[in-house]
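Peer 1: I have a structure I would like to understand better, so I am pasting it below and will then ask my questions one at a time.
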Amino acid sequence: MTNLYDIAAAIRRSESILICGHIMPDGDCLGSVLALGLSLEAMSKKVVMAGPDPIPAIYEFLPGVERFKTGAPPDGVYDTFIILDCSVPERLGRDYQDLLTSKKVIINIDHHAGPGILGTYCYIDTAAAAVGEIIFDLLKLMQVSIPVETAINLYTAIVTDTGSFQYDNVTPGTHRRIAELLEFGAPGAQINILLHEEKPKAALVLLREALHTLTMSPCGKVCWMTVTLEMLKNTGALDEHTEGLVNYCRSIRGVEVGLLFREILEGTYKVSLRSKNIVDVNMLAVQFGGGGHAKAAGCILQGALREVQDKVTREAVLATGGTA
């Protein structure tokens with residue numbers, strides 16, 4: 001696997017760079033793309049930051065977010081294509097996948113276990129709590145200054161992918177990096193208010209409806225909820241307002257695995273999987289063509305809702321050693 005020194009050298013040689021993350025961007029994806037993009041612009045590189053899907057409103061406070069282009073890959077000539085926080089080609093979106101066959105220098109930086117994306121340079125650190133940690137290390141290696149705008153983006157990347165430092169992916173190194181970002185001026189308390197205490201009413205109405213679907217396995221070790229397209233329409237909530245709902249399932253005493261079945265297209269469901277202690281939900285997700293981390297993963301399945309739920313919950317219960 002490529003090391004960060006090789007990636008730093010490749011970036012220094014580049015002149016025009018396209019940086020993208022994954023479909024349905026989250027805080028780590030956006031924060032990492034923006035932090036790296038703004039930093040490379042400060043090095044006089046020509047940079048375009050982009051991704052296939054719209055930006056959730058919750059992240060509109062991020063410095064430079066207005067520069068992030070959504071939709072099809074932007075027109076332009078780029079000698080380097082940097083991919084962040086993307087474990088498989090499908091997570092790039094169809095149009096961005098086509099760029100993988102181009103003659104550009106391709107740099108892939110990620111922290112997910114799995115096959116990854118093959119590029120000219122590939123750096124995958126599954127011990128990193130967030131890609132934001134890797135970008136922080138890369139910028140320090142390149143001796144790039146970290147102004148407050150970059151610090152805000154990196155703080156957001158790390159705090160969101162660690163569940164506000166609640167997940168077991170947090171290390172002493174995570175806190176040391178966060179301490180430096182605070183020293184660089186990142187307003188930690190304000191960022192956390194924007195992320196967690198500024199929800200629209202529709203998000204809470206959706207939570208109410210989702211809780212009505214809460215279901216437990218007979219053994220009590222698996223719990224799940226459902227969000228349908230009809231529920232989103234009726235509540236006025238957006239897809240982004242489903243973020244974090246799965247944690248209500250996992251938070252119940254005795255539950256080991258929490259699941260959220262979210263309808264993203266008619267007959268197509270994104271399944272979020274979370275575990276507390278013993279179950280590796282990445283391995284569960286891999287069985288259904290997905291992936292992620294040991295305690296947080298996801299997959300996308302097609303079919304009737306009940307069939308999809310039966311498949312996933314059956315395997316989840318088996319993984320816990322419980323009974324269906």
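The values are calculated or read from the model by the stated rules, or taken from the named source; none is laboratory data. Note that the structure is a prediction, hence the values are computed from the model and not measured. All Cβ positions, even for glycine, are placed from backbone atoms using ideal geometry, and neighbour counts span all protein chains on display. Side chains are part of the model used for accessible areas, which takes the heavy atoms of the whole protein and leaves out ligands, DNA and RNA. Shrake-Rupley method; radii C 1.70, N 1.55, O 1.52, S 1.80 Å.
So that you can scan it fast, the table gives a plain yes or no per residue for (1) within 20 Å of the chain's Cα centre (by Cα); (2) among the polar types (S, T, N, Q):
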{"position": "Ile135", "(1), (2)": "yes, no"}
{"position": "Leu138", "(1), (2)": "yes, no"}
{"position": "Leu141", "(1), (2)": "no, no"}
{"position": "Ala157", "(1), (2)": "yes, no"}
{"position": "Asp161", "(1), (2)": "yes, no"}
{"position": "Gln166", "(1), (2)": "yes, yes"}
{"position": "Thr171", "(1), (2)": "yes, yes"}
{"position": "Arg177", "(1), (2)": "yes, no"}
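Peer 1: Mind telling me which of the residues Ala42, Ala35 ends up being touching a residue at least 40 places away in the same chain (Cβ under 8 Å), out of contact with any Asp or Glu (no Cβ under 6 Å at 6 or more places or on another chain) and either open to solvent by less than 10 Å² (accessible area, probe 1.4 Å) or of a type in the set (Asp, Glu) (or both)?
Peer 2: Going through Ala42, Ala35 in turn, the sole match is Ala35.
Peer 1: What pairs can you find where one residue is in segment 58-81 and under 19 Å from Ala186 (Cα atoms), the other is open to solvent by less than 50 Å² (accessible area, probe 1.4 Å) and among the β-branched types (Val, Ile, Thr), and their Cβ atoms are less than 6 Å apart, with a gap of 6+ or different chains?
Peer 2: Taking only residues 6 or more apart or on different chains, the pairs are Pro63/Ile152.
Peer 1: Considering only residues that are modelled with pLDDT under 95, among the β-branched types (Val, Ile, Thr) and more than 18 Å from Arg91 (Cβ to Cβ), which ones fall in segment 19-59?
Peer 2: Ile58
Peer 1: If I ask for residues that are modelled with pLDDT of 95 or more, of a type in the set (Val, Ile, Thr) and under 17 Å from the mean Cα position of the chain (by Cα), which ones from segment 102-133 would you list?
Peer 2: Ile109, Val131 - these are the residues of segment 102-133 that are modelled with pLDDT of 95 or more, of a type in the set (Val, Ile, Thr) and under 17 Å from the mean Cα position of the chain (by Cα).
Peer 1: Taking the condition among the β-branched types (Val, Ile, Thr), within 25 Å of Thr160 (Cβ to Cβ) and surrounded by 15 or more Cβ atoms within 10 Å (Cβ to Cβ), does Val308 pass?
Peer 2: No.
Peer 1: Under 9 Å between Cβ atoms, which residue pairs at least 6 apart in sequence (or on different chains) link something in segment 127-149 that is farther than 17 Å from Leu34 by Cβ with a partner that is assigned to a helix (DSSP H, G or I) and β-branched (Val, Ile, Thr)?
Peer 2: Hits for this filter: Ala128/Ile134; Ala128/Thr174; Ala129/Ile158; Ala129/Thr174; Leu141/Ile7.
Peer 1: List the number of the failed condition for Ile278; all other conditions in (1) modelled with pLDDT under 95; (2) open to solvent by 50 Å² or more (accessible area, probe 1.4 Å); (3) more than 20 Å from Gly254 (Cβ to Cβ); (4) of a type outside the set (Asp, Glu) hold.
Peer 2: (3)
Let's see how each residue does on (1) among the polar types (S, T, N, Q); (2) at positive phi; (3) in contact with a strand residue (DSSP E or B) (Cβ under 6 Å, 6 or more places away or on another chain):
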site	(1), (2), (3)
Ser251	yes, no, no
Thr268	yes, no, yes
Arg274	no, no, yes
Asn277	yes, no, no
Val281	no, no, yes
Val286	no, no, no
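Peer 1: Out of all the residues in segment 89-123, which are touching a Pro at 6+ places or on another chain (Cβ under 8 Å), touching a residue at least 40 places away in the same chain (Cβ under 8 Å) and open to solvent by less than 40 Å² (accessible area, probe 1.4 Å)?
Peer 2: Leu92, Gly93, Tyr96, Leu99
Peer 1: Looking at (1) among the hydroxyl-bearing types (Ser, Thr, Tyr); (2) under 27 Å from Leu195 (Cα atoms); (3) surrounded by fewer than 16 Cβ atoms within 10 Å (Cβ to Cβ), find the lone condition where Tyr269 falls short.
Peer 2: Of everything listed in (1) among the hydroxyl-bearing types (Ser, Thr, Tyr); (2) under 27 Å from Leu195 (Cα atoms); (3) surrounded by fewer than 16 Cβ atoms within 10 Å (Cβ to Cβ), Tyr269 misses just condition (3).
Peer 1: Would you be able to say whether some residue in segment 129-151 is open to solvent by 50 Å² or more (accessible area, probe 1.4 Å), in contact with a Pro (Cβ under 6 Å, 6 or more places away or on another chain) and acidic (Asp, Glu)?
Peer 2: Within segment 129-151, one or more residues are open to solvent by 50 Å² or more (accessible area, probe 1.4 Å), in contact with a Pro (Cβ under 6 Å, 6 or more places away or on another chain) and acidic (Asp, Glu).
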